[in-house]
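Single-structure report; data block below.
Bear in mind these aren't lab numbers, they're just calculated from the coordinates by the rules spelled out. Everything numeric in this text was worked out from a predicted model, so none of it was measured. Cβ atoms come from the backbone with ideal geometry, glycine included; neighbour counts cover every protein chain shown.
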Amino acid sequence: MTTALLLGTTTSGSSNGGSPNRISGTQFIALATGKISEFEIQVVVNCNVKCALYSDSGDSPNTLLGGVDTGQACNAGWNTMSFPETSIVAGTKYWLLAISDVSSGNWIKYGYDTGHHYGGKDQTYAGYNWDTTMSGFTVNHDLYHCLAGWGILVLSPSVIIQPVSYGSPIVSVLGNIINPQGISIIVSCSTPSLFYLQTISPSNVIQPVAIGTPWVGVLGFVKPQSTIQQILVGRPTILKYVWHVILDGQYATETPHVNLAYIIGRDAGGNLVYGAAVDSIELGLVGERLDFQQELAIPTDSQAASMASAILSKMRLTKASGIILIPPNCGQELFDVVQISDSLANQPAVKFRVVCIKLVFNQIAGTYYQIFKLVNT
């Protein structure tokens with residue numbers, strides 16, 4: 001998984017649009033499957049903005065999938081706003097919508113592109129919460145607003161062995177069953193077997209057979225090597241997830257080293273091109289932290305702006321970090337997201353990404369543990 005542009009455009013607009021007390025939005029086709037966690041918008045003037053993501057029905061916005069009802073401060077130019085994690089699917093049409101508190105004049109940038117659907121709806125900004133179903137939205141064509149959704153890119157495994165079912169169907173919950181090499185596929189007879197995401201057993205472990213009512217395997221249950229798992233006849237067995245104990249931990253939350261990035265490139269004619277990105281929330285907290293780079297290999301304004309946005313996305317990963325010490329976890333992999341609850345360090349269910357794993361074994365001292373290096377997700 002990685003952070004990527006999932007929906008919308010990072011191309012700077014050539015014209016100014018938008019009206020006071022009016023929703024503006026554009027239809028985009030999702031570039032990839034993932035979870036949107038950031039909303040980007042290019043505005044003309046300083047203002048407060050509310051944003052939302054809607055499903056598409058007949059090339060019009062339909063059902064609210066995620067939204068921010070509290071206005072977030074934006075400065076003239078590109079801005080990045082926090083957005084509740086919302087899943088989207090590659091190749092599917094969605095609508096990105098926004099509304100601002102400007103009292104007069106234009107406030108959002110837009111560009112021209114044949115075939116794009118865009119539109120708007122009159123709506124008072126003050127006190128407005130996004131409607132569950134959008135109605136009264138007027139749709140036009142051949143323009144796009146400068147809106148984008150960034151987040152976690154979901155990557156699927158290339159080889160998946162699916163279970164075989166005899167009788168009633170097998171139901172796979174929250175994803176595919178991935179069987180380790182050398183492990184026989186579970187066979188279901190009569191009523192269905194329910195398998196939760198990535199139920200994986202170590203080598204030489206015999207998988208359970210469900211006869212009668214279903215067997216339910218819950219995420220993360222692993223038995224020691226050479227242990228035979230139970231055969232269930234009649235009522236279901238529920239195998240519960242075991243939490244990992246934190247032996248020691250250190251955490252830090254800091255502001256990124258850069259919250260305003262400028263990129264200067266050069267086109268084929270030798271003319272300078274320009275792109276910028278700003279993290280308005282961090283800039284308001286600590287003031288301007290500028291990163292100015294000259295990248296003459298970049299030939300267009302849009303690519304320069306995209307690189308500036310990538311720099312800020314990388315900086316956001318450095319906001320929160322930490323190190324924890326735990327008993328060895330055989331299922332842990334690099335770049336997995338872990339959720340940490342550490343009351344002594346005031347970490348209530350905080351999510352981190354694991355970027356380094358160190359296994360420590362000292363036979364003389366009788367110690368055996370893992371050290372994880374963590375960064376913000």
From the square roots a ≥ b ≥ c of the eigenvalues of the alpha-carbon gyration tensor of region 290-342, which class results: rounded (a/c under 1.5), prolate (a/b over b/c), or oblate?
-> prolate
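Taking square-rooted eigenvalues a ≥ b ≥ c of the alpha carbon gyration tensor, is region 104-145 rounded, prolate or oblate, where a/c under 1.5 means rounded and, failing that, a/b exceeding b/c means prolate?
Working: a/c = 2.86, a/b = 1.48, b/c = 1.93.
Oblate is the answer for region 104-145, as a/c is 1.5 or above yet b/c matches or exceeds a/b.
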Using amide H atoms built 1.01 Å from N in the peptide plane, name the residues 5+ places from Thr11, or on other chains, whose amide H lies under 5 Å from its own.
-> none
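In Å, what Kirkwood hydrodynamic radius results for region 2-153 from the alpha-carbon pair distances?
Values: mean 1/r = 0.0671 Å⁻¹.
Result for region 2-153, one decimal place: 14.9 Å.
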For the table Lys35/Lys351; Lys93/Lys314; Lys50/Lys121; Lys35/Lys93, the rows whose alpha-carbon distance is greater than 25 Å are Lys93/Lys314
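Applying a 10 Å radius around every beta-carbon, put 103-109, 309-315, 245-251 in order of their mean neighbour count, most first. Could you put the intermediate results ahead of the total?
Values: 103-109: 17.6, 309-315: 19.6, 245-251: 13.4.
My ranking of the peptides, most packed first, is 309-315, 103-109, 245-251.
Give me the net charge for the shell around Asn21: Cβ to Cβ below 14 angstrom, other residues only, Lys and Arg +1, Asp and Glu -1.
Values: positive: Arg22, Lys50, Lys121; negative: Asp101, Asp122.
So the surrounding residues net to +1.
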